[in-house]
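The values are calculated or read from the model by the stated rules, or taken from the named source; none is laboratory data. Note that the coordinates shown come from a computational prediction; the quantities given were computed from them, not determined experimentally. Ideal geometry is used to build each Cβ from the backbone, glycine not excepted, and the neighbour counts take in all protein chains shown.
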Amino acid sequence: MLNYFKLQNGSDVRGVALEGVPGEKINLSKNETYYLAVSFGEWLSKKLNKSTDSLTISIGCDSRLSGDDLKIGIFSGLASLGITPLNCGITSTPSVFMSTIFEESNADAGIMLTASHLPFNKNGMKFFTKEGGLNKTDIKELLTNINESKEYLEDISTVKSFDLVSKYSSHIVNIIRKSTNSDKPLKDMKIIVDAGNGAGGFFADKVLKVLGADTTGSQFLDPDGNFPNHIPNPEDTDAINSIIDATKLAKADLGIIFDTDVDRAAVIDSKGKAINRNKLIALMSAIAIEEQPGSTIVTDSVTSDGLQSFIESLGGKHHRYRRGYKNVIDESIRLNNEGTMSTLAIETSGHGAFKENHFLDDGAYIVTKILIKLAQLKQEGKDISDLISTLVEPKDELSIRIKIGLEEFVDYGKNVLTTFEKLVSNDSRFEVVSPNYEGIRVNYNIQNNTGWLLIRMSLHDPVIPINIESDQINGCHLAEEFIKDFLSQFDELVL
């Protein structure tokens with residue numbers, strides 16, 4: 001029996017679904033998705049106190065080559081319990097959650113087949129109920145209850161089909177029309193999309209064109225799980241450069257790029273400047289705080305000091321928390337439950353979730369908020385980037401990932417962090433930042449070179465990520481030299 005726990009990746013499961021990469025063996029086939037679907041169906045039945053034959057579960061996938069085969073396993077596993085599988089085809093991860101909200105689909109839960117921006121041979125499963133995505137504890141419970149004694153029987157006879165991507169698109173269109181009080185609010189604008197051959201190509205025809213935009217110059221809209229042009233990832237340099245070039249060539253008012261399953265996004269302004277990472281957080285914060293003055297914005301741990309100053313200058317509050325989109329979302333929900341207004345949880349990677357949108361991390365909804373604001377700004381002769389013109393960005397930034405050469409790496413990594421904290425606490429060049437919720441963050445002044453440094457443990461891998469920012473051009477090298485000299489004392493680190 002497969003060790004299913006090795007498939008857990010935080011709040012979802014991921015594995016190797018196709019051959020083709022040396023050293024990687026398939027551990028997520030339709031056999032595994034069958035038993036995962038059975039475990040989820042049984043878990044859901046108990047949670048909702050409903051019989052399995054009364055349940056409907058929607059199933060969507062991105063453009064990965066393994067999607068159709070893995071869906072057969074899910075369909076069959078659900079059918080074995082009497083659950084009705086709802087085949088939603090290629091669609092976005094956020095839309096699969098929304099299938100539990102839409103009256104037309106009325107699903108009790110949803111399963112999305114995706115591995116985000118990982119290579120072509122990987123795939124995975126994300127699980128949703130009407131309350132949102134399952135958390136780490138839920139996934140562990142599903143994996144614990146896997147029972148392969150049930151015979152695999154292929155059965156797709158009870159599968160029903162639902163055009164989820166069209167319903168979701170009309171949902172977005174209606175939000176934008178209502179917010180702008182216009183049937184064609186994007187008329188006379190050129191707005192292009194780069195879907196990276198993932199699942200986001202629908203946005204050009206089913207949303208932008210319907211709202212009046214000229215989408216000429218859009219690229220890589222057709223789903224292709226080989227990802228032949230670039231990785232669908234708003235953080236990837238090649239991907240960002242591709243949409244920048246396309247935006248400039250088309251002389252577009254806005255360029256949009258999605259990741260594979262459309263739960264992340266970034267945009268390019270009319271001058272060809274990328275708005276991603278800290279700049280995207282700043283943009284969404286400006287929109288959120290304008291709508292809800294005084295709101296607390298929850299971000300992950302690697303956001304810049306300039307971003308904090310920007311949020312505070314708008315009258316908002318910045319709550320820098322931990323990496324992981326579920327972490328920032330759950331923290332924002334916690335704050336609201338305790339009486340602190342928090343309308344936006346957003347991670348540097350491009351995951352962003354608004355309270356008004358079920359705290360769903362949804363790249364298409366992030367873009368929806370931008371389009372609404374862009375329509376207003378264009379009437380005033382302004383560009384979307386004008387909202388973040390006062391954001392102070394670092395003069396230099398650096399990201400380093402140090403591998404730990406141990407299979408049991410957690411305690412070793414924790415010792416590295418503890419030793420680092422003791423060192424900098426007794427060094428006048430460093431000031432330990434507090435409060436801080438992940439790793440050790442310090443402000444530094446090394447030979448009048450100032451900035452900040454964060455050293456932390458990866459959420460899932462034997463890796464110590466380090467982020468450095470400097471207030472000087474090419475200024476990260478001094479902090480880099482210091483941290484690498486410190487790390488050289490640890491024999492199990494691969495420098």
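Hey, can you tell me all the residues within the stretch 264-308 that are hydroxyl-bearing (Ser, Thr, Tyr) and outside any loop (DSSP other than H, G, I, E, B)?
Of the residues in the stretch 264-308, the ones hydroxyl-bearing (Ser, Thr, Tyr) are 270, 285, 295-296, 299, 301, 303-304.
Across the stretch 264-308, the qualifying residues are Ser285, Thr296, Thr299.
For residues that are closer than 23 Å to Asp259 by Cβ and over 15 Å from the mean Cα position of the chain (by Cα), scanning just the stretch 285-300, find the one that is surrounded by the most Cβ atoms within 10 Å (Cβ to Cβ). Step through it out loud before you land on a result.
Initially, the stretch 285-300 is screened for residues closer than 23 Å to Asp259 by Cβ, giving 285-288, 297-300.
Next cut, over 15 Å from the mean Cα position of the chain (by Cα) only: 285-288, 297.
Details: Ser285: 26, Ala286: 23, Ile287: 20, Ala288: 25, Ile297: 29.
It comes out as Ile297.
This table checks each residue for (1) hydroxyl-bearing (Ser, Thr, Tyr); (2) within 23 Å of Ser166 (Cβ to Cβ); (3) modelled with pLDDT of 95 or more.
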| residue | (1), (2), (3) |
| --- | --- |
| Asp69 | no, no, yes |
| Gly77 | no, no, yes |
| Gly82 | no, no, yes |
| Ser99 | yes, yes, yes |
| Gly110 | no, yes, yes |
| Leu118 | no, no, no |
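Can you give me the number of residues within the stretch 235-263 that are under 24 Å from Ser95 (Cβ atoms), in contact with a helix residue (DSSP H, G or I) (Cβ under 8 Å, 6 or more places away or on another chain) and either modelled with pLDDT of 95 or more or not in a loop (DSSP other than H, G, I, E, B) (or both)?
Number of matching residues: 9.
Could you list, in sequence order, the residues of the stretch 49-100 that are surrounded by fewer than 24 Cβ atoms within 10 Å (Cβ to Cβ), among the aliphatic types (A, V, I, L, M) and free of Cβ contacts under 8 Å to residues at least 60 places away in the same chain?
Listed by number, the residues that qualify are Leu55, Leu81.
Considering each of Asn123, Asn147 in turn, give the residue that is closer than 18 Å to Lys71 by Cβ and not in a helix (DSSP H, G or I).
Values: Asn147 fails: closer than 18 Å to Lys71 by Cβ.
Result of the check over Asn123, Asn147: Asn123.
Scan the stretch 456-492 for residues that are among the hydrophobic types (A, V, I, L, M, F, W, C), more than 26 Å from Arg14 (Cβ to Cβ) and part of a strand (DSSP E or B) and jot them down. Steps first, please.
Of all residues in the stretch 456-492, those among the hydrophobic types (A, V, I, L, M, F, W, C) come to 457, 459, 463-464, 466, 468, 473, 476, 478-479, 482-483, 486-487, 490.
This time we only want the ones that are more than 26 Å from Arg14 (Cβ to Cβ), so: 468, 473, 476, 478-479, 482-483, 486-487, 490.
Result: Ile468, single match.
Within the stretch 254-269, identify whether any single residue is among the acidic types (Asp, Glu), under 27 Å from Ser179 (Cβ atoms) and touching a His at 6+ places or on another chain (Cβ under 6 Å), and answer yes or no.
Initial filter on the stretch 254-269 (among the acidic types (Asp, Glu)): 259, 261, 263, 269.
Pick out the ones that are also under 27 Å from Ser179 (Cβ atoms) and you get 259, 261, 263, 269.
Next, from what is left, pick out any that are touching a His at 6+ places or on another chain (Cβ under 6 Å): 259.
So far as the stretch 254-269 goes, yes, one or more of its residues are among the acidic types (Asp, Glu), under 27 Å from Ser179 (Cβ atoms) and touching a His at 6+ places or on another chain (Cβ under 6 Å).
Check Lys130 against each of (1) free of Cβ contacts under 8 Å to residues at least 40 places away in the same chain; (2) assigned by TED's automatic domain parsing to the domain that holds Leu254; (3) closer than 30 Å to Asn327 by Cα; (4) surrounded by fewer than 22 Cβ atoms within 10 Å (Cβ to Cβ) and name the one condition it does not meet.
(2)
What do you reckon, is Glu481 farther than 18 Å from Gln308 by Cα, of a type in the set (Asp, Glu), at pLDDT 95 or above and not assigned by TED's automatic domain parsing to the domain that holds His319?
Working: farther than 18 Å from Gln308 by Cα: yes; of a type in the set (Asp, Glu): yes; at pLDDT 95 or above: yes; not assigned by TED's automatic domain parsing to the domain that holds His319: yes.
Taking the combined requirement at face value, the residue satisfies it.
Which condition from (1) buried (at least 20 other Cβ atoms within 10 Å of the Cβ); (2) without any contact (Cβ under 8 Å) to a residue 12 or more places away in the chain is the one that Glu312 breaks?
(1)
Quick check: is even one residue across the stretch 430-438 out of contact with any helix residue (DSSP H, G or I) (no Cβ under 8 Å at 6 or more places or on another chain), in the same structural domain as Ser301 (by TED's automatic domain parsing) and among the small types (Gly, Ala, Ser)? Spell out how you get there, then give the answer.
Initially, the stretch 430-438 is screened for residues out of contact with any helix residue (DSSP H, G or I) (no Cβ under 8 Å at 6 or more places or on another chain), giving 431, 433-438.
Adding the requirement that they be in the same structural domain as Ser301 (by TED's automatic domain parsing) leaves none.
No, every residue in the stretch 430-438 fails to be out of contact with any helix residue (DSSP H, G or I) (no Cβ under 8 Å at 6 or more places or on another chain), in the same structural domain as Ser301 (by TED's automatic domain parsing) and among the small types (Gly, Ala, Ser).
Determine whether the stretch 436-453 contains at least one residue that is among the basic types (Lys, Arg), farther than 27 Å from Glu331 by Cβ and either crowded, with 19+ Cβ neighbours inside 10 Å or in contact with a strand residue (DSSP E or B) (Cβ under 9 Å, 6 or more places away or on another chain) (or both).
Step one: list which residues in the stretch 436-453 are among the basic types (Lys, Arg), which gives 441.
Keeping just the survivors that are farther than 27 Å from Glu331 by Cβ gives none.
No, there is no match, as no residue in the stretch 436-453 is among the basic types (Lys, Arg), farther than 27 Å from Glu331 by Cβ and either crowded, with 19+ Cβ neighbours inside 10 Å or in contact with a strand residue (DSSP E or B) (Cβ under 9 Å, 6 or more places away or on another chain) (or both).
Run His230 past the list (1) buried (at least 16 other Cβ atoms within 10 Å of the Cβ); (2) without any contact (Cβ under 8 Å) to a residue 60 or more places away in the chain; (3) under 21 Å from Gln376 (Cα atoms) and report the number of the one that doesn't hold.
So the condition that His230 fails would be (3).
Test Lys30 against the stated conditions and say whether it is surrounded by fewer than 17 Cβ atoms within 10 Å (Cβ to Cβ) and either more than 24 Å from Gly200 (Cβ to Cβ) or touching a helix residue (DSSP H, G or I) at 6+ places or on another chain (Cβ under 6 Å) (or both).
It is false that Lys30 is surrounded by fewer than 17 Cβ atoms within 10 Å (Cβ to Cβ) and either more than 24 Å from Gly200 (Cβ to Cβ) or touching a helix residue (DSSP H, G or I) at 6+ places or on another chain (Cβ under 6 Å) (or both).
How many residues does the stretch 335-357 hold that are crowded, with 18+ Cβ neighbours inside 10 Å, in contact with a Gly (Cβ under 7 Å, 6 or more places away or on another chain) and assigned to a loop (DSSP other than H, G, I, E, B)?
1
Would you call Val210 among the aliphatic types (A, V, I, L, M) and part of a helix (DSSP H, G or I)? Outline the logic, then answer.
On the way: among the aliphatic types (A, V, I, L, M): yes; part of a helix (DSSP H, G or I): no.
Judged against the criteria, Val210 is not a match.
So how many residues does the stretch 362-392 have that are of a type outside the set (A, V, I, L, M) and touching a Gly at 6+ places or on another chain (Cβ under 6 Å)?
Taking the stretch 362-392 and keeping what is of a type outside the set (A, V, I, L, M), we get 362-363, 365, 368-369, 373, 376, 378-383, 385-386, 389-390.
Next cut, touching a Gly at 6+ places or on another chain (Cβ under 6 Å) only: none.
Qualifying residue count, the stretch 362-392: 0.
Out of the helices (runs of 4 or more DSSP H) lying entirely within the stretch 1-104, which hold 3 or more residues that are among the hydroxyl-bearing types (Ser, Thr, Tyr) and touching a Leu at 6+ places or on another chain (Cβ under 9 Å)? Write out each step before concluding.
Values: elements: 30-48, 67-79, 93-98.
Where helices (runs of 4 or more DSSP H) fall fully within the stretch 1-104 and carry at least 3 residues being among the hydroxyl-bearing types (Ser, Thr, Tyr) and touching a Leu at 6+ places or on another chain (Cβ under 9 Å), they are 30-48.
Give the residues of the stretch 154-181 that are of a type outside the set (Val, Ile, Thr), touching a residue at least 40 places away in the same chain (Cβ under 8 Å) and under 17 Å from Phe97 (Cα atoms), sorted by residue number.
Going through the stretch 154-181, the residues of a type outside the set (Val, Ile, Thr) turn out to be 154-155, 157, 160-164, 166-171, 174, 177-179, 181.
Restricting the remaining residues to those that are touching a residue at least 40 places away in the same chain (Cβ under 8 Å) gives 154-155, 157, 160-164, 166-169, 171, 179.
Within the stretch 154-181, Ser161, Phe162, Asp163, Leu164, Ser166, Lys167, Tyr168, Ser169, His171 qualify.
The conditions are (1) surrounded by fewer than 24 Cβ atoms within 10 Å (Cβ to Cβ); (2) touching a strand residue (DSSP E or B) at 6+ places or on another chain (Cβ under 7 Å), and Ser45 fails exactly one of them. Which is it?
Tallying (1) surrounded by fewer than 24 Cβ atoms within 10 Å (Cβ to Cβ); (2) touching a strand residue (DSSP E or B) at 6+ places or on another chain (Cβ under 7 Å), Ser45 fails exactly one: (2).
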